[in-house]
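What follows is one structure encoded as structure tokens, with my remarks underneath.
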Amino acid sequence: MNIHEYQAKELLAKFGVPVPQGFAALTVDEAVEAAGKLPGPLYVVKSQIHAGGRGKGKFKELAPDAKGGVRLAWNLDEVRAHATDMLGNTLVTIQTGDAGKQVNRLYVTDGANIAQEFYLALLVNRATGRVSMVASTEGGMDIETVAHDTPEKIHSIDIDPATGFQPHHGRAVAAALELKGDLAKQAASVASKLYDAFLGTDAEQIEINPLAVTEEGQLVVLDAKVAFDGNAMFRHKDLMELRDTTEEDAMELEASKYDLAYIKLDGDIGCMVNGAGLAMATMDIIKLNGMFPANFLDVGGGANKEKVTAAFKIILADPAVKGILVNIFGGIMKCDIIAEGIVAAAKEVNLSVPLVVRLEGTNVQAGKDILANSGLAIVPANDLGDAAKKIVAEVQKAA
């Protein structure tokens, strides 16, 4: 689960992380009012969407040379002008794709006299089973670019969960950022507090870019991106209240209501599979046969008829889908239950695209019989390779 920058900073501040003063705003008047609460004379007006690259982004509705989604203002009139430009308009960044995201809220913060910028992030290192701190002197840039062009400038520091954050970790972070004296002490303190926040909120990622040194010699978090482990949110009802569903894909949001693992992709073959590994293999073999998957959808191991029907409807809600491949290996999930759900959904939505179904496992013959006697144009497949070839051929034939 992702949250907005202003929410992330408010959360990190509770753990003692230094952040500039700022206020969220839903209207132009609220943005001006927020700036009026700040000391000034420099204000920063920031679009709040769940995507990076906002400063370099462009608004669809504004002139191509208009400023991006993060702007400086030197008085309240400029704050008003920037807020008017941003609110309700669509911001396109490198992370949103061409569709962009509508800006529904702003974050107005106090300006800072920046002397130097750094990058600092915490994430789970799945190779070691530890929390890793990733630090770089190249703050304010896309970390992917830094990793590609100057990988030697990225340092990773693993923290053993058995011991937790220790003083030597703080010194390692300061060294990676090439900070000395009081700034090194500040860096160690910030790193320690970020680690506490990471564990305390069951975060998956905390990314600070940039972490800045001001002309006054203070280390401060100027931007923060925080994402949480969705499987741990039952422990954090307060964090669930921060969820902004308007920032989520409508189909992914619908899938979450049925506990379906669904991710929309850019292809044209809809996939319904049980098991993440099998789903990945299914998407790979579709691509090997010359087409691209439209989604990742894992219905899980214990789905019922209603859940399968919902999954089918979600796939078909994507107008890009030109065909559907169902690939089920029945264990706990019985093939006849899957077949009943497929038939019910196909009849309810008046299926108009080719459908290929491969069933194997528990009650497989009963499932095949249900499909064969459904009266629907369902193409059976014997194995995964056969299924992929058939769905590609059916889509090409229907084109």
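Of these, K305, K334, which one is buried (at least 16 other Cβ atoms within 10 Å of the Cβ), modelled with pLDDT under 85 and within 30 Å of the chain's Cα centre (by Cα)?
Working: K334 fails: within 30 Å of the chain's Cα centre (by Cα).
After applying the criteria, what remains is K305.
This table checks each residue for (1) part of a strand (DSSP E or B); (2) at negative phi; (3) in contact with an Asp or Glu (Cβ under 9 Å, 6 or more places away or on another chain); (4) polar (S, T, N, Q).
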| site | (1), (2), (3), (4) |
| --- | --- |
| D29 | no, yes, no, no |
| I49 | no, yes, yes, no |
| V79 | no, yes, no, no |
| T84 | no, yes, no, yes |
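Restricting the search to segment 98-108, which residues are in a loop (DSSP other than H, G, I, E, B) and open to solvent by less than 10 Å² (accessible area, probe 1.4 Å)? Walk me through how you get there before you give the answer.
Step one: list which residues in segment 98-108 are in a loop (DSSP other than H, G, I, E, B), which gives 98-100, 103-105.
Hit for segment 98-108 is V103, nothing else.
How many residues does segment 51-77 contain that are more than 19 Å from L222 (Cα to Cα), open to solvent by 30 Å² or more (accessible area, probe 1.4 Å) and not in a loop (DSSP other than H, G, I, E, B)?
Result for segment 51-77: 3.
Would you point out the residue of segment 143-191, among those that are among the hydroxyl-bearing types (S, T, Y) and more than 14 Å from L123 (Cα to Cα), that is surrounded by the most Cβ atoms within 10 Å (Cβ to Cβ)?
From segment 143-191, those among the hydroxyl-bearing types (S, T, Y) are 145, 150, 156, 163, 189; that's our starting set.
Imposing the further condition that a residue be more than 14 Å from L123 (Cα to Cα) reduces the set to 145, 150, 163, 189.
Details: T145: 10, T150: 13, T163: 8, S189: 16.
Here the answer is S189.
Residues are listed down the side, and each one gets a yes or a no for (1) more than 22 Å from the chain's Cα centre (by Cα); (2) open to solvent by less than 40 Å² (accessible area, probe 1.4 Å); (3) farther than 24 Å from R126 by Cβ:
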{"position": "A232", "(1), (2), (3)": "no, yes, no"}
{"position": "L278", "(1), (2), (3)": "yes, no, no"}
{"position": "N289", "(1), (2), (3)": "yes, no, yes"}
{"position": "L297", "(1), (2), (3)": "no, yes, no"}
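Residues in segment 109-119: is at least one open to solvent by 30 Å² or more (accessible area, probe 1.4 Å) and in a loop (DSSP other than H, G, I, E, B)?
yes
Please find, within segment 86-97, the residue that is least open to solvent (accessible area, probe 1.4 Å) out of those that are assigned to a loop (DSSP other than H, G, I, E, B) and at pLDDT 90 or above. Give the steps one after another, and end with the answer.
First, the residues of segment 86-97 that are assigned to a loop (DSSP other than H, G, I, E, B): 87-89, 93-97.
From what's left, at pLDDT 90 or above: 87-89, 93.
On the way: L87: 33, G88: 41, N89: 29, T93: 12 Å².
Per the criteria, the residue is T93.
Wholly within segment 226-311, which strands (runs of 3 or more DSSP E) include no fewer than the required count, namely at least 1 residues that are charged (D, E, K, R)? Spell out the reasoning first.
On the way: elements: 261-264, 269-273, 295-298.
In segment 226-311, the matching strands (runs of 3 or more DSSP E) lie at 261-264, 295-298.
Go through segment 345-363 residue by residue and tally those that are part of a helix (DSSP H, G or I) and open to solvent by less than 30 Å² (accessible area, probe 1.4 Å). I'd like the intermediate steps shown before the answer.
Of the residues in segment 345-363, the ones part of a helix (DSSP H, G or I) are 345-348.
Filter again for open to solvent by less than 30 Å² (accessible area, probe 1.4 Å), leaving 345-346.
Counting residues in segment 345-363 that are part of a helix (DSSP H, G or I) and open to solvent by less than 30 Å² (accessible area, probe 1.4 Å) gives 2.
Does T90 fit the bill of being hydroxyl-bearing (S, T, Y), over 22 Å from the mean Cα position of the chain (by Cα) and more than 30 Å from A187 (Cα to Cα)?
no
Need pairs with beta-carbon distance below 8 Å; first residue assigned to a helix (DSSP H, G or I) and within segment 151-174, second loosely packed, with under 14 Cβ neighbours inside 10 Å; sequence gap 6+ or separate chains.
A174/K180
Scan segment 37-47 residue by residue and report those that are assigned to a strand (DSSP E or B), open to solvent by 10 Å² or more (accessible area, probe 1.4 Å) and of a type in the set (A, V, I, L, M, F, W, C). Spell out how you get there, then give the answer.
Residues of segment 37-47 that are assigned to a strand (DSSP E or B), as a first pass: 43-47.
If we keep only those that are open to solvent by 10 Å² or more (accessible area, probe 1.4 Å) as well, we get 43-44, 46.
Once the filter is applied, which keeps residues that are assigned to a strand (DSSP E or B), open to solvent by 10 Å² or more (accessible area, probe 1.4 Å) and of a type in the set (A, V, I, L, M, F, W, C), segment 37-47 yields only V44.
Considering L211, L219, which residue is more than 23 Å from R71 (Cβ to Cβ), open to solvent by less than 10 Å² (accessible area, probe 1.4 Å), at pLDDT 95 or above and not β-branched (V, I, T)?
It is L219.
Return a yes/no flag: does segment 316-339 have any residue that is out of contact with any Phe, Trp or Tyr (no Cβ under 8 Å at 6 or more places or on another chain), closer than 21 Å to G275 by Cβ and polar (S, T, N, Q).
yes
The values are calculated or read from the model by the stated rules, or taken from the named source; none is laboratory data. These numbers were taken from a predicted model, which means no experiment stands behind them. FYI the Cβ positions are ideal-geometry reconstructions off the backbone, even for glycines, and counts take in every protein chain you see. Quick note on the areas: whole protein, heavy atoms, side chains included, nothing else; ligands and nucleic acids left out. Shrake-Rupley method; radii C 1.70, N 1.55, O 1.52, S 1.80 Å.
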